[in-house]
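This report concerns only the one structure given below.
Every number in this text was worked out from the coordinates using simple rules, so none of it is lab data. Treat the numbers as computed from the prediction; the structure is a model and nothing was measured. We place every Cβ from the backbone using ideal geometry, glycine too, and count neighbours over all the protein chains shown.
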Amino acid sequence: MTTSTSTGTTMQRQRFIGMSTGTFETVAERGRLRFFAEVIGDADPIRTDLAAARAAGYDDLPVPPTFLMGLDAERPDGFGYLTEMGVDLRHVLHGTQAFDYHRVAVANEPLTYRSRIDDVFEKSGGALQFIVRTVEVRDAADAPVADLRSTIIERRPRSAA
Amino acid sequence: MTVAWQDVTEGTELPELALPPITRATLALFAGASGDHNPIHIDRDVAESAGLADVFAHGMLSMAYLGRLLTGWAPQDRLRSYEVRFGAITPVHGRPVCTGTVTRIGEIGGERIADLDLRVTLEDGTVTLTGGARVALT
């Protein structure tokens, strides 16, 4: 995990717009979903009990609405794209997060994540830099499961530019 | 557990979800469970090196709590979209309260859709998250 110093002007970073931040396949494991439900205090039996999930119409434990973003962090280089752009992780805030759902993903189904940098811009005279990333999640039949969009904000109190 | 759809109107409020105080243990476990290992949320030394007094909660933890508000109200397969803006950080020991209100009901793609206004508020009144969701009613 890097905590390197922030480098790169907004203009320098804008050349990353359109850059892929990776394609990879993953699954939500049942054990991980049960752990997630426990941590956030979700006591709905469909989160932990396979029979309850199936009775509710799901083929396996349903992946909670925000967990898809968690799986994205499992891509091979993790926060590597931020490091490559010169972002100091200590100064990063999550600005916005959006999900469009096509259907509910379930545990153990192969999910393909394809992501890219969509936009880079600054506000407050460069004190805040915004990086927008979109992530497409598709299933084994290449049908869309969800589209994710995140804005990461780097606070740059003493301008690194 | 879920609502009677015919009774949902503009102005319908979702049952509030009040969470216990967020502990350091919760942050450590959420880092592992969610996959967000940024040390700023779990290692005070790193937080201090960034000029902060302490670690603070993952924004996605509050979004996950707000997700519970949604899926506690409507089955998850009715959730069409969900988005938030993170407006303020949640300190350790903060007690988030999740609320939601139906602001509009309309037709989208042949479905009857409720637009929800969502927010997470701490006990001192700080609004940490604002956002929205679309839920299919029929």
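Annotations
- Of all the options A:134, A:26, A:96, the one that moves most in a Gaussian network model of chain A with Cα springs shorter than 10 angstrom is A:96.
- Between residue B:6 and residue A:128, the FRET efficiency from the beta-carbon distance, with R0 = 51 Å, is close to 0.65.
- Inter-chain Cβ neighbour count for B:55-67, averaged per residue, equals 4 (cutoff 10 Å, partner chain atoms only).
- Judged by the mean number of other Cβ atoms found within 10 Å, the most tightly packed of the peptides A:61-73, A:43-55 leads the ranking A:61-73, A:43-55.
- Computed about its Cα centre, the charge dipole of segment A:51-161 is approximately 460 debye, with only Lys, Arg, Asp and Glu carrying charge at their Cβ.
- Placing +1 on the Cβ of every Lys and Arg and -1 on the Cβ of every Asp and Glu, with nothing else charged, gives segment A:99-138 a dipole about its Cα centre of roughly 80 debye.
- Dipole magnitude for the protein assembly as shown: computed about the Cα centre from +1 point charges on Lys and Arg Cβ and -1 point charges on Asp and Glu Cβ, it is near 560 debye.
- Dipole-positive endmost among A:113, A:58, A:11 within chain A (Cβ charges, Cα centre): A:11
- FRET efficiency for the residue A:9 to residue B:124 pair, using the beta carbon distance and R₀ = 35 Å, is estimated at 0.40.
- With the simple spin-label model, which puts each label point 7 Å out from Cα in the Cβ direction, the residue B:25 to residue A:108 separation comes to 3.1 nm.
- Estimated from the Cβ-Cβ distance and a Förster radius of 41 angstrom, the FRET efficiency linking residue B:49 and residue B:103 is about 0.45.
- Angle between chain B longest axis and helix B:59-73 axis [Cα atoms, degrees, rounded to 10]: 30 degrees
- Using alpha-carbon coordinates, inclination of helix A:30-40 to the longest axis of chain A, degrees: 70 degrees
- Options B:51, B:79, B:39, ranked by Cα towards positive dipole end of chain B, top entry (Cβ charges): B:79
- On full extension, the segment bounded by residue A:84 and residue A:143 gains 18.2 nm, given 0.36 nm per residue less the C-alpha separation.
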